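Readers should treat all values here as calculations from the given coordinates under stated rules, not as data from a laboratory. The shown structure was predicted, so the numbers you read here are calculated from the model rather than taken from an experiment. Counting neighbours? That spans all protein chains shown, and the Cβs are built from the backbone with ideal geometry, glycine included.
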Amino acid sequence: MKRKSGTVAGLVDQLEFNWFDFDVESFARFIAHRQQRSIHVVPYAFDASITAVCVRGQESDYIFFRQSAYPLLQVHGILHELGHLLLGHQGVVIDEMQIPDVLQRLAAEKVTVTHSQDEYDAESFAQLITLRIRQAKRIHREGQRTSIPALRPFAESGL
Ligand SMILES: [Zn+2]
């Protein structure tokens, strides 16, 4: 368990993404580029039991998220699903034509069958990314403070 979560952290460390400018759409494009496989992020009318799911099509990967969820929850759900894709978790590959049926079934059954270690890792991924974004924003804020005009002469003189 420990070694595995270390792998997730190592992977997050390797991602050269500008966390300060994070938005989930460009992050999804970044992951898609890295995977050499397109990812479509699509809102869907799930009820409260489902935040997001990923579906592997033959041509592309799809992440469907609950359009009525709070924005922060949507981002977290999408990050979790991107974690599954990036970590190479086996999903069922389905024909694109079947996607509407699969979504309807998921929405009706309110269950997704996934390996629990995969769930743990995808959740770690989402949390680590969230932490990266917070750190980047904090560093930026602290940088802002030292660029207060009155302090600039000191900063520039290196004192
Ligand atoms: Zn999951």
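Overview of results
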| item | result |
| --- | --- |
| Residues of region 73-92 satisfying the condition of being within 12 Å of the ligand (Cβ to nearest atom) and within 8 Å of the chain's Cα centre (by Cα) | His76, Gly77, Ile78, Leu79, His80, Glu81, Leu82, Gly83 |
| Of all residues making up region 57-98, the number that are over 19 Å from Ile129 (Cβ atoms) and not polar (S, T, N, Q) | 12 |
| Tally, over region 51-72, of residues that are assigned to a strand (DSSP E or B) and closer than 22 Å to Glu123 by Cβ | 11 |
| Members of region 19-36 found to be under 11 Å from the mean Cα position of the chain (by Cα) and under 12 Å from Arg132 (Cβ atoms), listed by number | Phe22, Phe27 |
| Failed item in (1) in a helix (DSSP H, G or I); (2) of a type in the set (Gly, Ala, Ser); (3) more than 19 Å from Val8 (Cα to Cα), with Ala48 passing the rest | (1) |
| Extreme residue, farthest from Glu59 (Cα to Cα), among residues of region 18-38 that are in a loop (DSSP other than H, G, I, E, B) and charged (D, E, K, R) | Asp23 |
